[in-house]
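Report on the structure given below.
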Amino acid sequence: MPTPLPLAGIRVIDFGRFIAGPYCGMLLADMGADVIRIDRRQGSEDRYTGPVTEQGEGGAYLSLNRNKRNLTLDTSKPGASGIIRRLVRTADVVLANLPIAVLRKMGLDYESASAIKPDIILARMSAFGPDGPYADRLGFDTIAQAMSGAMSLTGFPGAPVRSVVSFEDYGTALHTAFGIMVALYHRARTGEGQIVDGSLLATAVTFMQALLAERSVTGIVREPRGNAAFFTAPADTYRTKDGWVIVQVIGEDMFARWARLVGQEDLINDPRFTGDLLRAGNREIITTAMNAWLATRTNAEALAELQVARVPAGPVLDLGEVLEDPQVKAREMLRYVDYPGAPRPVPLADPAVRLSATPGSIRHRAPTLGEHTGEVLRELGYSEEEISALRAAQVV
């Protein structure tokens with residue numbers, strides 16, 4: 001018989017929205033948890049961002065909600081509170097990235113939830129955390145990027161630039177998923193539930209800690225410098241005859257290999273290039289040497305020589321090239337899954353962490369709106385007549 005998935009038997013009620021909550025729930029669902037996503041009756045906003053299907057579901061929704069079931073619920077209707085209480089009673093984890101005031105109104109604050117199920121784990125995510133002067137503010141990933149200092153140093157001199165990747169959202173989801181696993185372990189040992197608290201700003205500050213430490217301790221004021229690294233060189237994007245590559249060199253041995261490769265062995269013992277920081281400070285000379293070497297080479301030629309020299313480098317790919325990349329294909333990093341209304345199979349990222357004995361997997365597509373409403377309500381003990389009445393009252 002197949003080995004059970006490691007989180008089989010764990011039920012998660014997912015009130016997540018946009019990226020942080022849904023991605024956290026996806027990580028748990030991939031490892032076997034029964035994750036029930038609670039949607040608005042008309043569909044929540046994140047379902048329709050960046051549409052790729054005839055009904056308007058977006059690529060992010062299809063990826064972040066695979067392996068989940070879907071229950072629609074209008075939390076403003078009187079009958080909703082009873083459904084929420086029954087959901088909590090059957091759950092191990094309640095997951096929500098909703099404002100604290102909204103959680104309290106829905107009866108999903110920790111005091112209310114633990115009164116229903118004493119060992120419940122409440123995993124909540126917010127922009128700024130549940131206390132402090134910003135506790136009641138709303139926020140998204142880019143606001144956390146801006147307020148952590150990241151945007152002030154991203155891009156080239158001029159206007160601040162955000163990252164195209166919502167890394168504060170994804171990072172907060174990862175932190176919270178880790179917290180949930182620790183809380184489950186603690187509960188298994190003690191029988192106690194607890195709150196797992198994650199915030200976008202806490203993630204953002206964590207990710208900026210090296211540069212924040214430098215500023216605090218040394219007083220160095222950094223300015224944006226495009227793709228060039230602050231602490232080492234060569235570490236930048238460079239143009240070849242037919243494209244762009246990125247090269248990253250750290251440490252004396254790697255720098256010596258690079259210098260020999262590009263015909264600049266005299267730089268190895270030059271005191272201006274002793275140590276990563278001095279090389280970063282004199283990067284113009286290094287950049288000139290790198291550009292001269294690349295000017296006569298294509299991407300493929302340059303990368304082949306850099307690989308032989310054991311100098312870390314890679315091509316700058318567009319999205320179409322990523323889909324066709326041989327490493328992506330060889331390791332099956334993308335799984336192509338059919339979805340109703342999608343004109344072709346949708347590529348979903350396979351679980352990024354692979355376990356040798358109990359690997360996670362994509363077992364089924366993201367749910368259509370309300371696909372499992374009746375199924376979940378029956379599991380909660382509602383009769384067919386009660387389910388019909390809830391539908392008629394537009395509660396579900």
Inset, instruction - Please go through the range 7-21 and pick out each residue that is modelled with pLDDT under 95 and closer than 22 Å to TYR185 by Cα. - result: none
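Let's see how each residue does on (1) within 13 Å of ILE38 (Cα to Cα); (2) under 24 Å from the mean Cα position of the chain (by Cα):
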site: ILE84; (1), (2): yes, no
site: ARG89; (1), (2): no, no
site: ASP92; (1), (2): no, yes
site: MET106; (1), (2): yes, no
site: ILE116; (1), (2): no, no
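If a residue has to be loosely packed, with under 14 Cβ neighbours inside 10 Å and of a type in the set (Lys, Arg) to count, how many in the range 41-57 make the cut?
Of the range 41-57, the ones loosely packed, with under 14 Cβ neighbours inside 10 Å are 42, 45, 50, 54.
Filter once more, so that each one left must be of a type in the set (Lys, Arg): none.
Matching residues across the range 41-57 total 0.
Within the range 181-202, does at least one residue satisfy the condition of being modelled with pLDDT of 95 or more and more than 30 Å from ARG89 (Cα to Cα)? Can you show your working first?
Of all residues in the range 181-202, those modelled with pLDDT of 95 or more come to 181-202.
Applying the additional criterion that residues be more than 30 Å from ARG89 (Cα to Cα) yields 201-202.
For the range 181-202, residues modelled with pLDDT of 95 or more and more than 30 Å from ARG89 (Cα to Cα): present.
In the range 350-371, which residues are aliphatic (A, V, I, L, M) and closer than 24 Å to PRO340 by Cα? Walk me through it before giving the result.
The first filter runs over the range 350-371 and keeps only residues aliphatic (A, V, I, L, M), leaving 352-353, 355, 357, 362, 366, 369.
Residues satisfying the conditions are ILE362, ALA366, LEU369.
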Legend entry - Residue that is without any contact (Cβ under 8 Å) to a residue 60 or more places away in the chain and buried (at least 21 other Cβ atoms within 10 Å of the Cβ), where the choices are GLY171, GLY179: GLY171
Legend entry - Tabulated pairs, the range 42-54, first without any contact (Cβ under 8 Å) to a residue 12 or more places away in the chain, second among the hydrophobic types (A, V, I, L, M, F, W, C) and not in a loop (DSSP other than H, G, I, E, B), C-beta under 9 angstrom, 6+ apart or interchain: GLY50/ALA60
Inset, instruction - Read through the list (1) in a helix (DSSP H, G or I); (2) over 22 Å from the mean Cα position of the chain (by Cα); (3) among the aliphatic types (A, V, I, L, M), then give the number of the only condition that ALA135 fails. - result: (1)
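Determine, yes or no, whether VAL88 is in the same structural domain as ASP30 (by TED's automatic domain parsing), more than 20 Å from GLY171 (Cα to Cα) and surrounded by fewer than 20 Cβ atoms within 10 Å (Cβ to Cβ). Break it down stepwise before answering.
Working: in the same structural domain as ASP30 (by TED's automatic domain parsing): yes; more than 20 Å from GLY171 (Cα to Cα): yes; surrounded by fewer than 20 Cβ atoms within 10 Å (Cβ to Cβ): no.
Judged against the criteria, VAL88 is not a match.
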Inset, instruction - Evaluate the range 296-309: report whether one residue or more is at pLDDT below 95 and of a type in the set (A, V, I, L, M, F, W, C). - result: no
Legend entry - Among (1) touching a residue at least 40 places away in the same chain (Cβ under 8 Å); (2) touching a Phe, Trp or Tyr at 6+ places or on another chain (Cβ under 7 Å); (3) in a loop (DSSP other than H, G, I, E, B), the one test that LEU95 misses: (3)
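Can you go through ALA144, ALA123 and tell me which one is modelled with pLDDT of 95 or more, in a strand (DSSP E or B) and under 22 Å from GLU168 (Cβ atoms)? Spell out the reasoning first.
Details: ALA144 fails: in a strand (DSSP E or B).
One residue alone meets the criteria, ALA123.
When you scan the range 257-293, how many residues do you find that are hydroxyl-bearing (Ser, Thr, Tyr) and surrounded by 15 or more Cβ atoms within 10 Å (Cβ to Cβ)? Outline the logic, then answer.
Filtering the range 257-293 for residues hydroxyl-bearing (Ser, Thr, Tyr) gives 274, 287-288.
From what's left, surrounded by 15 or more Cβ atoms within 10 Å (Cβ to Cβ): 287.
Result for the range 257-293: 1.
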Inset, instruction - Kindly provide the set of residues from the range 40-77 that are under 11 Å from ALA366 (Cβ atoms), among the charged types (D, E, K, R) and not in a helix (DSSP H, G or I), ordered by number. - result: GLU57, ARG66, LYS68, ARG69
Legend entry - the range 304-318, subset in contact (Cβ under 8 Å) with a residue 12 or more places away in the chain, surrounded by fewer than 19 Cβ atoms within 10 Å (Cβ to Cβ) and aliphatic (A, V, I, L, M), residue nearest to PRO234 (Cα to Cα): ALA309
Legend entry - Residues (touching a strand residue (DSSP E or B) at 6+ places or on another chain (Cβ under 8 Å) and of a type in the set (S, T, N, Q)) located in the range 172-224: THR172, THR176, GLN194, SER199
Inset, instruction - Exactly one condition in (1) over 22 Å from the mean Cα position of the chain (by Cα); (2) in the same structural domain as ALA144 (by TED's automatic domain parsing) is not met by GLN248; state its number. - result: (2)
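Matching residues to (1) of a type in the set (A, V, I, L, M, F, W, C); (2) within 22 Å of ARG297 (Cα to Cα):
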position: ALA235; (1), (2): yes, yes
position: ARG239; (1), (2): no, yes
position: TRP244; (1), (2): yes, yes
position: MET254; (1), (2): yes, yes
position: ARG257; (1), (2): no, yes
position: ARG260; (1), (2): no, yes
position: GLN264; (1), (2): no, yes
position: ASN269; (1), (2): no, no
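The values are calculated or read from the model by the stated rules, or taken from the named source; none is laboratory data. Model, not experiment: these values are computed from the prediction. Ideal geometry is used to build each Cβ from the backbone, glycine not excepted, and the neighbour counts take in all protein chains shown.
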